[in-house]
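Take a look at the structure set out below.
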Amino acid sequence: MRHKNQQQSPRVEIIHTPSPQEPTDIDLLAVIERRNEMMSRILEYAIRSTHAGQWVDQSGKPYPTAPAAEVMARRCAVSIKNVQTNKVPSTDDKGPFYMYVVTATAALPGGYDSIEAMGTCSSRDSFLGTETKAGRPLSEIDEGNILKAAYSNMLVNAITRLLGVRNITWERLDALGINRDG
């Protein structure tokens, strides 16, 4: 028995009323199978648009360079939008440094697939920054190069994630015409 001051728990119902244009008899597995076939074909087109010189071996795994990602993006009509850059100053026991963080939205045509991606590069980069073999002061670093490297890193991350190129094997690449020895 309920007392007067006790409230009844609110009832929540989730009701989906399809619009007149929305089909009501969707075969979800058929949609997924068509999508998987489409994504496999996109991956194949993307990889076949590159050449062996655009891939590097990182600890035994293939990794596409920025030029590979760019050619894959053009071939597959990937759009990159909402690019944001942010310089993040910091300091640690080695002294001051900064990092550029670049974010963007990458999308396939039609707007059905999109992802948010990020790329970074620090003024401590082992090639461009203070951590070079010779070492150099922060004042001698070309900040534009750090920003461009962060942008390139974002492109590679965005494009490879969107197109399904991440964690690909040398064997799969070989089957698509990219030879590890090349």
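Nothing in this text is a laboratory measurement; each read-out follows from the coordinates by a stated rule. Quick caveat, the model's predicted, so the values are computed rather than measured. Ideal geometry is used to build each Cβ from the backbone, glycine not excepted, and the neighbour counts take in all protein chains shown.
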(request) Quick one: P(r) of region 35-120 from all Cα-Cα pairs, 5 Å bins, percents rounded to integers, in order of increasing distance. (result) 3, 12, 16, 19, 17, 15, 9, 5, 4, 2, 0
(request) Scan region 99-182 for GluC sites (Glu not before Pro) in coil per DSSP, keeping those whose Cβ has at most 16 other Cβ atoms within 10 Å, and list them by number. (result) 131
(request) Name the longest site-free stretch of the chain, where the excluded sites are chymotrypsin sites (Phe, Trp or Tyr not before Pro) in a DSSP loop with no more than 10 other beta-carbon atoms within 10 Å. (result) 1-111
(request) Measure off 7 Å from each Cα along the Cα-to-Cβ vector at residue 83 and residue 26, then give the distance between these two points in nanometres to one decimal. (result) 3.4
(request) Obtain the radius of gyration and the Kirkwood radius of region 114-182 from its C-alpha atoms and give Rg over Rh. (result) 1.14
(request) With N denoting the number of residues in region 27-67, provide Rg(C-alpha) divided by 2.2 N^0.38 Å, to two decimal places. (result) 1.60
(request) Considering only 141, 32, 168, give the residue with the highest GNM mean-square fluctuation for the chain, with springs between Cα atoms whenever their separation is below 10 Å. (result) 32
(request) With springs only between Cα atoms under 10 Å apart, run a GNM on the chain and tell me which of 165, 71, 88 wobbles the most. (result) 88
(request) Compute the Kirkwood hydrodynamic radius of the chain, taking the inverse of the mean of 1/r over all pairs of distinct Cα atoms, and give it in Å to one decimal. (result) 20.0
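Could you list, in their original order, any pairs among 94/148; 61/81; 81/148 whose Cα atoms are separated by more than 18 Å?
Distance filter (> 18 Å) returns 94/148; 61/81.
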(message) Springs between alpha-carbon pairs under 10 angstrom, Gaussian network model over the chain: which of 148, 61, 133 fluctuates most?
(response) 133
(request) Determine the calculated [θ] at 222 nm for the chain from helices alone, applying -39500 (n - 2.57) to every DSSP H run no shorter than 4 residues and normalising by the residue count; nearest 500 deg cm²/dmol. (result) -10500 deg cm²/dmol
(request) Kyte-Doolittle cut-off -0.5, length cut-off 24 Å along the helix's own axis using Cα: show which whole DSSP H helices in the chain pass. (result) 28-48, 143-163
